[in-house]
Amino acid sequence: MGGPYCCGLIPNLELAHHPQLIGQPLVVGYWGQGAHVLACSEEAAEAGVRPGITMRNAEHLCPAAFVAEPRPGATLRLRERLSAALYDLAPELEVRYDGTCWIGLEGLPAQHKSLAVRELRRRLHQATGFDPRLGVAPGPFSARLAARRAQPGRVLRVEDATRFLAPLPTAELDLDPELMDRLELLGLRTLGAVAAIGPRRLESQLGPPGRHAVLLARGEEPDPLAAWQPPRCLSAERQLEPPVEDREALLFIARALCGDLAAELGLRGAGAKQVRMLLAVEGVAVPEERASLVRHPLSSQAELFGLAGGWLREWRPAGPVCGLVIEVPELEAAGRRQLRLWVGGDAAAEEVQAALERLQERHGEQVALRLAPGLTASGVPAQRYVAEPA
Amino acid sequence: MQESTAQLQHAIDKVHLRFGEQALLRATRLPPAEPWPSGLAEVDRLTGIRGLPKGRLSVLQGPTGSGKLTLALALLARATRELAQSVVIDHRVGFDPWAMAPMHPDLRALALVKPPDVATAGEAAVALARAGAGFLLLLGELPENALSPLESAASRSGSLVVACANARNAALAHASSLTLGLERADWIYERDQLVGLRTRVTCLKNKLAAPGAATELDIRYPLGAERFPEKSLAIVFNEGVKPWVVRTAVG
């Protein structure tokens, strides 16, 4: 286990789509066959509404509640946006739809840890409008329980997870009702009591969830974070209104887009292994496309524009262009050295070699050759030297 | 007047602050062109800066048989020995490395680009100049629209670009910083045998120093040419010491 972790708790992300209803009872759920509550605000929860109960029951419990349809697509995008916004705080992070966010603080200096926690609070509030409850603890599970006990906008720090967890009720383990009843029958009402039993003994009673429960109660954190990874595809696009016919203008825009992509690639230390350009042409449904796989990952604006600009210069679009998209669907680590840091022949030679290989990728292997002596006394000029692809 | 000067200075300061001191330089503070000594003292003297200018385009211009390719190959052979990476871009000229064999090139530092068309030749030239190829020899045509990017790419990376042109090419002449015109003056005979040619080299254009200087060069065919299956216009070591024999220097 790495640790420590900071957990930020906000209401379910479905509720963040209705900022105007913050502070009022709100229920999000499906109507129709098998209608049930997906999420509810704290005000609705105070009236007894819980996720999973039927919508009719929720309506009965809290007649004043506003009811909204779920928006899964928007929630997915919000989760991605939140993850991307938190990614520079810590590389290990997880954001769940239920509003639980974790960031790993391992390896950060002490002053940066508190800075990261403050930033987490600020960014969650900015993105969703809710004041998060925050908990810092040695593991994700204990951090989440600490956050549940913090006031909105405040941080609860836990140094010793075992001591913190011991008095908490077993309901925090989120077990099935049937297993909870069996724990009750066994007389295990706190996490401390569960931790005192050996994992094998509880496993023999409850099966694998029993073992898992003991490890959680002991603060051994059997569940690592499902760390979010930034999307592998980057793209930059520009809608052109009015449509553009001038090639120079398109080149200018493409250069700017390549600059944006290069900046993003630089942040990730990545290079583009594949580049694709799409031109949306006025009156044509399907955009025109050019794509290329490159041997050496492209990471600078000049390298990206070298490829994209080359396409644009010879492109004959069927009409005025109303949109330009440059995508890098395949990324990999920017493998080459920071050549400009090196002074001397090796850097130049390496850059020239990369330029030759890019030419080969575009025009075939025989376009760039290296020479070696062959039959120098031969009467046929072609035999005197051996030319091999560079 | 003072107000507009202050505004201009303010704008210049903003550019410096945002893009660095090198982004905008006063003409009086522009760094001078760095020379690359070619090893041919008389050619270096013609340039006025004691060498071919790095980061600039130099053109060798003259009719067929005037010795411009031989001069270019001599420069290339030296560049392969001295610079990290040299490249020949050969668009339908038929570069034959055997022709410079007597000049002892280091082939490990040489790459040959054979573009299928003129546009690709231009693209390759710009890409390689941008990448910082030490010496770039252009044989054959280049599209006009590639010359300006080529100039700026070479200027940024410091690549030395040399082009060979048969006839006067207005676009190439305009883009070049140095143009040397070559013209065959005479054949050289010894004991009734043709052993070389004498060529007159004139500095037709020079952005870095005064043009107009001229000299004459003797280009000798390879010694022991009978060992080779065909005659080559390669420069060989004359008397085992100097690769060139300078007869006279005019201007």
Subject >> Local electrostatic count at A:LEU78 - Lys and Arg +1, Asp and Glu -1, tallied over other residues with Cβ under 14 Å >> reply: +3
Subject >> Antiparallel content of DSSP bridges confined to the protein assembly as shown, in %, to 5 >> reply: 70 percent
**OP:** Sort out for me the Cα centre separation of segment A:97-175 from segment A:283-333, rounded to whole Å.
**Re:** 44 Å
**OP:** On a 0 to 90° scale, report how tilted helix A:110-128 is relative to the longest principal axis of chain A, with both axes built from alpha carbons and the result rounded to the nearest 10.
**Re:** 90 degrees
Subject >> log10 of Debye I(q)/I(0), alpha-carbon scatterers only, for segment A:1-126 at 0.10, 0.18 Å⁻¹ >> reply: -0.38, -0.91
Original post:
When N counts the residues of segment A:114-168, how does its alpha-carbon radius of gyration compare numerically with 2.2 N^0.38 Å, as a ratio?
Top reply: 1.14
Original post:
Which value, in nm² and rounded to one decimal, describes the direction-averaged projected area of the C-alpha convex hull of segment A:234-336?
Top reply: 5.9 nm²
Subject >> Alpha-carbon Rg/Rh ratio, for segment A:192-262, with Rh computed the Kirkwood way >> reply: 1.64
**OP:** Would you compute, from DSSP H runs of 4+ residues alone, the mean residue ellipticity of the protein assembly as shown at 222 nm, taking -39500 (n - 2.57) per run and dividing by the full residue count, rounded to the nearest 500?
**Re:** -11000 deg cm²/dmol
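Could you calculate the FRET efficiency of A:TYR97 with A:PHE66 from 1/(1 + (r/R0)^6), where r is the beta carbon distance between them and R0 is 25 Å, rounded to 0.05?
Taking R0 as 25 Å, the efficiency between A:TYR97 and A:PHE66 is 0.80.
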Subject >> Rg/Rh ratio calculated on Cα atoms of segment A:161-217 (Kirkwood radius) >> reply: 0.91
**OP:** Quick one: net charge around A:MET180, please, counting Lys, Arg +1 and Asp, Glu -1 for every other residue with C-beta under 13 Å from its C-beta.
**Re:** -4
**OP:** Just the ratio, please: alpha-carbon radius of gyration of segment A:83-205 over 2.2 N^0.38 Å, N its number of residues.
**Re:** 1.22
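Given all pairs of different Cα atoms, what value in angstroms does the Kirkwood hydrodynamic radius of segment B:83-200 take?
Averaging 1/r across every pair of different Cα atoms and inverting gives 15.6 Å.
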Subject >> Rough spin-label spacing in nm, given labels placed 7 Å along Cα→Cβ, for B:GLU3 and B:ASP106 >> reply: 6.2 nm
Subject >> Scaled radius of gyration (Cα, divided by 2.2 N^0.38 Å) that the protein assembly as shown gives >> reply: 1.42
Subject >> Antiparallel DSSP beta bridges within segment B:32-250, percent to nearest 5 >> reply: 55 percent
Original post:
Counting alpha carbon pairs within less than 8 Å and at least 6 residues apart, what relative contact order, in whole percent, applies to chain A?
Top reply: 12 percent
Subject >> Cα centroid separation, segment B:52-97 to segment A:196-231 (Å) >> reply: 73 Å
Subject >> Cα principal axis extents for segment B:32-250, largest first, Å >> reply: 51, 38, 29
Original post:
Which of the pairs B:LYS54/B:LYS205; A:LYS273/B:LYS114; A:LYS113/B:LYS14; B:LYS114/B:LYS207; B:LYS68/B:LYS207 have their Cα atoms more than 28 Å apart in this structure?
Top reply: A:LYS113/B:LYS14; B:LYS114/B:LYS207
Original post:
In segment A:126-202, which GluC sites (Glu not before Pro) are in a loop and have at most 13 other Cβ atoms within 10 Å, using DSSP for the loop call?
Top reply: A:GLU159
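FYI, it's all coordinate maths here, none of it is from the lab. If you're wondering where the values come from, they're calculated on a predicted model, not measured in any experiment. Virtual Cβ from ideal backbone geometry, glycine too; neighbours counted across all protein chains shown.
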